[in-house]
């Protein structure tokens, strides 16, 4: 599987373009995930050939927040990408995940719900 970033529910085209330019600078593959593919395993969407697709189309509501999934990135590339995002001044992406053995078979909504719980727990601690 090549190093890649899944971009999910990015409505702000300017922000999307900026993130795509940053990824190109780090030589990372980007994939915009279509809403109809939200029931596919996240690992499949990231290009993991060992994870088969499912025969289902998502027809539910759009997610409330945008989400990024970093798949197969080296630590150096991940750090470069996060640094570029902070330095650029674009609005933060609150829901970010690294593809793992635990979440590779989850659907987009399942991963989103987990990130939502984590984000709420972190913001409670800060507040």
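A short reminder: the numbers here are calculations on the coordinates, not readings from a lab. Please read all numbers here as calculations on a predicted model, not as lab measurements. Cβ sites come from the backbone with ideal geometry, for glycine too, and all protein chains shown count toward neighbours.
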Can you tell me what percent of all Cα-Cα pairs in the stretch 43-106 are more than 16 Å apart? 60 percent
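Ranked from highest to lowest mean number of other Cβ atoms within 10 Å per residue, what is the order of the peptides 118-125, 9-16, 65-72?
65-72, 9-16, 118-125
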Relative contact order of the stretch 4-126, pairs being alpha-carbon contacts under 8 Å that are 6 or more residues apart, as %: 32 percent
Mean-position separation - Cα centroids, the stretch 1-49 and the stretch 51-66, in angstrom: 14 Å
Size descriptor, Kirkwood hydrodynamic radius, that averages inverse alpha-carbon separations across the stretch 4-126, Å: 15.0 Å
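Return the percentage of antiparallel bridges among DSSP beta bridges fully within the chain, rounded to the nearest 5 %. Let's see the in-between values first.
Numbers: 5 of 14 bridges.
Among the beta bridges of the chain, antiparallel pairing accounts for roughly 35 percent.
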